[in-house]
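Notes follow once the structure below has been shown.
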Amino acid sequence: MSQTVSAPSAATVRQDGAGRRGELAAKILTVLLALFFGTASGAPKLFQAQAAVDAFDRIGWGDWFMYTVGALEVLGAAALLVPLLSEAAALAFVGLLAGATVFNLTVLDAPEAVLTTVAVAALCGFVARVRRGATVRLLHRLRTDRP
């Protein structure tokens, strides 16, 4: 018996190529975002960098809020690097950055910082979109591992 194998269509090749490029871009972006959130954003809050202390003093909610946000950023940065958690972490960062945008506009009166928070949120949204399905796999694993 002989089988006829057809070549993939140009649309399939483009889609597969775009998918691989998107996945590679998401991997690189995920590492860069993890470095940003872990070192440039979260660590200064945990180690009481003066700029972070001043900003959170203006918010007026106390040091506990600065430490909480810093811890969430560092833990989220680590979660971004775990494939099964990356989508959930990226979505959580979108929420955190939405809150930061509101604070920048209302409490800190720093509209120039809004561009940064919105841009980083968009990058997190891209990572979440490319990694879609990771949260479903995580939930499935949690449900099936129960005794």
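Readers should treat all values here as calculations from the given coordinates under stated rules, not as data from a laboratory. The structure displayed is predicted, hence computed values, not measured ones. Here the Cβ is made from the backbone with ideal geometry for all residues, glycine too, and neighbour counts use every protein chain on show.
Some observations on this one:
- Proportion of all alpha-carbon pairs of the range 60-147 beyond 21 Å (%): 40
- Spatial offset of the range 80-101 relative to the range 18-38 amounts to 13 Å, using the alpha carbon center of each.
- Label-point separation, LYS27 to VAL107 (7 Å along Cα→Cβ), nm: 3.9
- Gain on full stretching of the segment that runs from TRP61 to LEU81 - 0.36 nm per residue minus C-alpha separation: 4.2 nm
- In the range 14-144, taking the dipole from charged Cβ atoms about the Cα centre, the farthest positive-side position among GLY60, SER86, PHE36 is held by SER86.
- Stokes-Einstein translational diffusion, the chain - Kirkwood Rh over all Cα pairs, 0.692 mPa s, 37 °C, in µm²/s: 189
- Relative contact order of the range 14-144, defined on C-alpha pairs under 8 angstrom at six or more residues apart (%): 26
- Put a plus charge on the Cβ of each Lys and Arg, a minus charge on the Cβ of each Asp and Glu, and nothing anywhere else: the dipole of the chain about its Cα centre is then about 840 debye.
- Cα gyration tensor shape of the range 46-108, rounded if a/c is under 1.5, else prolate or oblate by comparing a/b with b/c: oblate
- Overall form of the range 97-147 per C-alpha gyration tensor (a/c, 1.5; a/b vs b/c): oblate
- Table column - 3J(HN,Hα) (Hz), the range 68-83, Karplus curve with 6.51, -1.76, 1.60, x for Gly and Pro: 5, 5, x, 5, 4, 5, 5, 5, x, 4, 5, 5, 4, 7, 9, x
- The chain - mean residue ellipticity at 222 nm from DSSP helices (-39,500 (n - 2.57) per run, n ≥ 4, rounded to 500): -24500 deg cm²/dmol
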